[in-house]
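The values are calculated or read from the model by the stated rules, or taken from the named source; none is laboratory data. Since we're looking at a predicted model, the values are computed, not measured. No Cβ is skipped: glycine too gets one built from the backbone with ideal geometry, and neighbour counts run over all protein chains shown.
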Amino acid sequence: MANMRIDGEKIYLTPISDEDLADFVRWRNSQLVRERYIYRGEFTIEGQKAWIKSHVDTGETIQYIIWDKQDDKRIGCVYIQDIDNVNHKGEYGIFIGEEDYLGGGRGREAAELIVDYAFSHLSMHKIYLRVLSDNIRAYKSYEHAGFVKEGLFHDDVCIDGLYHDVIFMARYKD
């Protein structure tokens, strides 16, 4: 697992640890985060510990906690999962769990930091993501972070009995 702190202007990133899990689980189970995510299952501390062991500790995923520098407070999580070392790609994900910290470019900065890290330290060529088509705030943030739309998959996921379109976006190493 990547174990270094990554510093930005407004935020810094630290590898997820057991000390972060109470906040992580609270965020992922909150309506604020859950309604914007494709996967909406319930999270538990025990489940997240097991997930870290099977995904992060094996190198399949890098997962960082986002900290606001000014307040030195955990505000969210950013990760690259399904790391494919053969094709040099992985899937990006992020959430800001503290509502007071939405906006202001923190999500964009987290995206830039983790993607730059993946390109420079993990030899990634492509970082891709999926976003629900009605999540305009996230889509615009991803565009500002350099991701470009690669496609739209109609009725790609079923959430609470309703089908939703999913936009695929990617960013490539220069």
Out of the residues in the stretch 35-49 that are of a type in the set (V, I, T) and either in a loop (DSSP other than H, G, I, E, B) or surrounded by 14 or more Cβ atoms within 10 Å (Cβ to Cβ) (or both), state the one that is modelled with the highest pLDDT.
-> T44
Looking at (1) in contact with a helix residue (DSSP H, G or I) (Cβ under 8 Å, 6 or more places away or on another chain); (2) modelled with pLDDT of 95 or more, which is the only condition I94 fails?
-> (2)
Take the residues in the stretch 108-127 that are touching a residue at least 40 places away in the same chain (Cβ under 8 Å) and surrounded by 20 or more Cβ atoms within 10 Å (Cβ to Cβ), then tell me which one is farthest from F24 (Cα to Cα).
-> M124
Which condition does V86 not pass, out of (1) without any contact (Cβ under 8 Å) to a residue 24 or more places away in the chain; (2) crowded, with 18+ Cβ neighbours inside 10 Å, if it passes all the others?
-> (2)
When you look at L32, is it surrounded by 12 or more Cβ atoms within 10 Å (Cβ to Cβ) and either at pLDDT below 95 or small (G, A, S) (or both), yes or no?
-> yes
